Structures are given as structure tokens and as C-alpha cells.
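The values are calculated or read from the model by the stated rules, or taken from the named source; none is laboratory data. Note that the coordinates shown come from a computational prediction; the quantities given were computed from them, not determined experimentally. Cβ placement follows ideal geometry from the backbone for every residue including glycine, while neighbour counts extend to all protein chains displayed. Calculation scope for accessible area: heavy atoms of the full protein, side chains included, ligands and nucleic acids excluded. Shrake-Rupley method; radii C 1.70, N 1.55, O 1.52, S 1.80 Å.
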Amino acid sequence: MLRIAIIFLIWYYINLKLSNKNNKCNVFDFLVKKGLVYGSLLAFCSFVFLLLGIYDFLNILIVMSVFGLLLSYDFKSIQSANSVFYNKLKQYLVLSIKRVEEGNFFSKTFSIGLPSKYKKEALTHVILFILIGGICFCSRAYFLKFDQYVFSDSWFKSIEYISDLNNQHWLLGNNQAFGAYIFVDFLTNITQQIPETSLFIFNIIVSICLSFILYWTVLKIGNTQKTVALLTALLFAVFYRVLPVNLTSISQISPILLSLLFVVPLMVYLLKPKLFSSNKAFFYVCVFLSFFAIACISVFTYIIIVFPLLVLLLLLSKRKQALSILICLPLYLLVSIILTVVYNLNGIDILLFVKSNIIAVSSYTQTPHLLFPLKILLHGVQFISFITLVVIFLFKKDNSRSISIVLIFYNVLVLINSFKLIWVDTDLLIEVFTVFIPLTLGLSLAVLGRVFKPLFKNRVYYKRYVLPVATLISFFIVSVFFNKNVTQHLDESNQFASRILSVYENISSNYLPYSYAVVNDKKLQSFSKQKHYYLSFEEFNQNYLRKDQLYHAFRVKEDILKKNPELVIPKSILLFIYKDNDVTELGLDSSIETIELSKKKLSSLKERNRDIKLFYENDIFKVIEIINEPKSSKITELMIY
């Protein structure tokens, strides 16, 4: 998680360093715009590469890098971009020589050439970025100890889906939309960790990004102070009493929440296109790519959320904005036609596919932690939105049309939910409310704040410092008070999943792929796919001693091993040994007797004087390394050797 934050902040720093001095882009503007553009491009390129059978991280990275280079030069011709690049390089070299002569090379090179007022604003937003991200991470990560999703059947199916993508299979089982797993696979490659770990933390990363987007959205269309935007983000991050989120499946990948990372910014940019780009052609290309990404990630969001939103925007926006939204409707239709044709050509019944994705059988929502029953909560927030709309109408507040549209859209969602339509999955719609409840409350608070703003017109110090600090302190006190009983209906899960993931991450990062084998329960076999050899406890108990004897008898006779490659065994064997009486409680398939037999086989190997070391141990299990070829498997030993 820290790795991702550092990579992003370095990217943002480089953007500030290379941008013009009047660039007012703060870290949230940068995150939302780049996230929407590159996230949509990632989904589109992955889909095309999967169709062509060339899906690979390196291919995607090359395309996105070229796109980013062209974007930085406003999509001018390659020749023009090349000329600009060499001119900037020449200018940088001359400046570097001059700074070395003046003795201020480091201070000038690494400083951000922004006016002081912009620099202060940028620093403030970076601090808020770290604060919101840190609070949301700690809040979500706390509930991992209650998580019941990891190592469930659905979790193992998700691992298989990621593996299928890397084998160029995008037609996933049960007519599953593949878009979300593309992002998990990209996270795996960009952070160089195992897919299981990426899947484990992915939904937390999505939640953190949503908290950033909520802050940015309220700031942009609420025309309010940072305090209200910050409260909205924190409401989503920590105030679970009004969030219909499933706390026992906090790590479960949610295509709905992931798709909302695209829907909410797209909604803001459609309301205020100037926030995105003055280049209309580029804007509509990004809208098309965003529609494509949403459709690949969640068909439910694409049909049930995006289409009504476009219709509402078309009906309620000003004429100039309505024209731009009217152009978006053919783009929406074009994406629908393209995907329908592709699915039909690949033998997929499009109606069955849509039905399977808008009615999720495996999705469920448990919300015993809510302050009020879900129905009352939804109608309570709806009542607040009505009051806000009345206030907007009575006080005729300027620039409140965007807020009104969002509040009306929340009411449309409540209306859809109240109809109990057969083809609308209530559990999936509840996930949408997880984001739109805090957004509605935040925008309502922004409107009320603007109404009472004249009261503090002559109290600048009170308005800038006392009121925001008092508001935030009050919020945290209320959060602590109401959240204290959130976990009373939750049962702590064992820490087996997190420890297994940690060990496999350690093994994967320290050992050369396919130079070793792992002996473990059959249920965990998917951890070994495309990484290393795998042996079940049964295979180890039945065959390994004989193979070990034959290999060590002929290990110095290379000609015999070349003629009989079946005699060769991995350089190292990592054997998992589980403590007594823990196997069944952990939900594994192996019996205690099988584990005990493996211990006896290990004792036999010790009697043969094999090189055996303890690799890892905790109170649940330990990992024993059987070294068949010294300094032939660990990456560090190979480098030194």
C-alpha cells in the first residue's frame, strides 16, 4: 500500500516539476483526471489485447506510456513532440550546468517552480491526501480481522479468473464480467506482488480512492470550503453507522465500487466539462473510453446507474451542457453495440450475460451495524436532500444546479430501489448507496454552509480556523461514540489467511520461479499456478522419499539425469506443517493423519542427512525448507554465488 502511495506522489511531483508555473492542479485534481483517463485506457487496451491474444503487462505499459507522452504534448504530431522534447532536454542541460557553476544545483533542480500561493495550496492538499488516505486505510484494514471472504469458494474463483486472464481467456466462468480482474492483475504487476495479496488489499485501495473522489467532488460542485469536503470523505471512511457496507467481507472485490471510481468523476466532468479539458475531441474520446471501462467492470452500473444518470443530466442541465451530454448518448450506444457484437461473435448469449451480471446470486448485504434500518436510513437521507433542494430554490443560490442534479439522482436511486424490480439486484444497488449517501449528505452540508456563510463574513479568523477545527473534533467525537458498538455482531476470523498470504509473498519474492516446489493442502494449490511446482501432502507422502533417493543417487551423473529427466527434483522443497487439531478449524481438506505422516517422512529425510532448515514458524503452522541443491533457488544466494 505504501509502495503505491509513494509511486503516485513521485508521479505527481514530476508533473508539478514539468508543468508550467501557473498550473493550479492539486493532488486530487491530478488523481481524478489521470485515474479516469489511464484507468479507462487500461480497460480498453486490455480488452483489445485479450481479443488479439497478446494480453501482457509490458504491452499495456508501452501503450499507456506512449499515450502519456502524446498527452503531455496535447497530441501533437510525433515529429513536433520529438522536437519539443529535444529542445526541453537541451534547455535542461544548459540550466543544469549553470546551476552547478552557481553551486545551487540540488536546491534549484528539485524545487517546484510554482508561485508561493500555488505551492502552499498544493502542499495543503498533499497533507489532506495523506490524512484521508491514512485514515481510510486504517479504518478499513481494522475490519480485516472480521473478514470471512478470504479463502472462501468465491475468493478462490477470483484467483482462477486472474490466472485465466494471463492465459488469454477473457470469457470467465458464470458469465462473469472480467474488467475488475484486469485492475487486480495490473496492481499485481505494478507492485510485483502475488495475485492473492493484490486481491486481498484491492477493495481497500478502491475504498481509499473513493474517499479521495468524494472529497474532490464536493469541493468541485459544492463550491465549499475544504472542511465540508473533508467531512464527506471521512464520513465514507469511518462512519459505518450510515454506510450499508458488508463488514464481514471487507476484502471482497466489488465491481460496483470500482465502476463508481469512473462514474462519479465522469458525472462531475459532464456537469462541468471545463474542469477536464478545453479540447473537446479529447474529452469525448475519454468519455467513450470511460463508458467502455464501466461496461467491462460492471454491467449493472453501466445499465442501471449510468443510463438513468445520462438521461437526468440531459433533462436538467443547461442548454450548452445538454448538447455535450447529447453527444455522449451515441457514444454510450456505440460502446453497447461494440460489446454486443464481440460477445455474440464469441458465442455468448448477450441477454443471459446481462441478466447474470445485473442479478448477482453470490452478492449479499448484511447491515446489522447501521444506526437505523436500511429503509429508514435511505428515506432519512432522502428527506435531507428534499430540504436541501427547497433551500436551493428559496435562496436561489448561484451555481447550485450541479448539486441539485446529484441530489435528484439520489432520489431516483431510492425510487428504483423502492420499486423492487425483478431485474434490479437490491444488494448491488445498496453498494451504490454506500457512495451516494455520504455524497448526498456532504453536498447538503455544503449548501447549508453557504446559506449561513454571511453570519461569519466579518469573523475571518473564526471562519478559517476555529469553526473547521471545532467541526472536525465534533465529528470524531460523534464517530467514536456511535461506532463503539459496530463490531458487536461480528466474529473475529482466525489470522490464517493473512499469515498464509504473508508467507507466500515472502517465498515468491525470495525464490527463483520454478526452482522450488511447495508442499501444501490441495485447497491452496491455486497459489502455485504460474509461480512454482506444487505437491499435495498425499503426493509427498507417497512418492517423495523414493524420488529423493533416486535423485541423490544419480545427482553427480549428469548423463543419466539428461536421459531420465523424471529423476530430477526441484532445488528446494518448502513443506508446510500444520499444528495438531488446527487443520479442520482452518477449513483445509487434509486430515491430521496426513499431516502426521508428512512429519514422519520429514524425519526420514533427516536420517538421510538432507539439508533441512526452518523457513518460517508461527502458532498455526511452520514451513520447512528441504535443500536439494545449495545456493540454487534463493535469489540473493544466486546473486552472491
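Scanning segment 269-279 for residues that are more than 17 Å from residue 28 (Cα to Cα) and modelled with pLDDT under 85, we see that the one that is surrounded by the fewest Cβ atoms within 10 Å (Cβ to Cβ) is 278.
Of the residues making up segment 219-228, those that are open to solvent by 10 Å² or more (accessible area, probe 1.4 Å) and not in a loop (DSSP other than H, G, I, E, B) are 219, 220, 226, 227, 228.
For segment 50-65, taking the residues that are surrounded by 15 or more Cβ atoms within 10 Å (Cβ to Cβ) and aliphatic (A, V, I, L, M), the one that is farthest from residue 37 (Cα to Cα) is identified as 50. For segment 602-633, the set of residues classified as open to solvent by 70 Å² or more (accessible area, probe 1.4 Å), in contact with a strand residue (DSSP E or B) (Cβ under 7 Å, 6 or more places away or on another chain) and not in a helix (DSSP H, G or I) consists of 613, 614, 630, listed by residue number.
Can you name every residue in segment 148-198 that is without any contact (Cβ under 8 Å) to a residue 60 or more places away in the chain, of a type in the set (Gly, Ala, Ser) and in a helix (DSSP H, G or I)? The answer is 173, 198. The condition of being under 37 Å from the mean Cα position of the chain (by Cα) and open to solvent by less than 40 Å² (accessible area, probe 1.4 Å) does not hold for residue 598.
Look at (1) among the small types (Gly, Ala, Ser); (2) open to solvent by 60 Å² or more (accessible area, probe 1.4 Å); (3) touching a residue at least 12 places away in the same chain (Cβ under 8 Å) and you find that residue 324 fails only one, number (2).
Checking 298, 249 one by one, the residue that is modelled with pLDDT under 90, within 21 Å of residue 431 (Cα to Cα) and open to solvent by less than 20 Å² (accessible area, probe 1.4 Å) is 249 and no other.
Contact map, segment 229-252: first residue under 17 Å from residue 145 (Cβ atoms) and assigned to a helix (DSSP H, G or I), second residue open to solvent by 10 Å² or more (accessible area, probe 1.4 Å) and aliphatic (A, V, I, L, M), Cβ cut-off under 8 Å, separation 6 or more or different chains; pairs are 238/135; 247/490; 248/490. Taken over segment 544-564, the criterion of being under 18 Å from residue 575 (Cα atoms) and either of a type outside the set (A, V, I, L, M) or open to solvent by 50 Å² or more (accessible area, probe 1.4 Å) (or both) is satisfied by 544, 546, 547, 548, 549. The one condition from (1) farther than 27 Å from residue 501 by Cβ; (2) open to solvent by 70 Å² or more (accessible area, probe 1.4 Å); (3) out of contact with any helix residue (DSSP H, G or I) (no Cβ under 6 Å at 6 or more places or on another chain) that residue 636 does not meet is (1).
Within segment 309-320, does at least one residue satisfy the condition of being surrounded by fewer than 18 Cβ atoms within 10 Å (Cβ to Cβ), small (Gly, Ala, Ser) and modelled with pLDDT under 95? No, every residue in segment 309-320 fails to be surrounded by fewer than 18 Cβ atoms within 10 Å (Cβ to Cβ), small (Gly, Ala, Ser) and modelled with pLDDT under 95.
Residue 392 passes every criterion in (1) in contact with a His (Cβ under 6 Å, 6 or more places away or on another chain); (2) assigned to a helix (DSSP H, G or I) apart from (1).
Restricted to segment 159-186, and to residues there that are farther than 23 Å from residue 351 by Cα and of a type outside the set (A, V, I, L, M, F, W, C), the residue that is surrounded by the most Cβ atoms within 10 Å (Cβ to Cβ) is 185. The residue list 403, 416 contains one member that is surrounded by 13 or more Cβ atoms within 10 Å (Cβ to Cβ) and over 30 Å from residue 277 (Cβ atoms), which is 416. Just one of (1) aliphatic (A, V, I, L, M); (2) modelled with pLDDT under 90; (3) crowded, with 22+ Cβ neighbours inside 10 Å fails for residue 194. It is (3). Pairs are defined by a Cβ separation below 7 Å, a sequence spacing of at least 6 or placement on different chains, a first member in segment 595-619 that is over 19 Å from residue 539 (Cα atoms) and without any contact (Cβ under 8 Å) to a residue 40 or more places away in the chain, and a second member that is open to solvent by less than 60 Å² (accessible area, probe 1.4 Å) and in a helix (DSSP H, G or I); the pairs so defined are 612/605.
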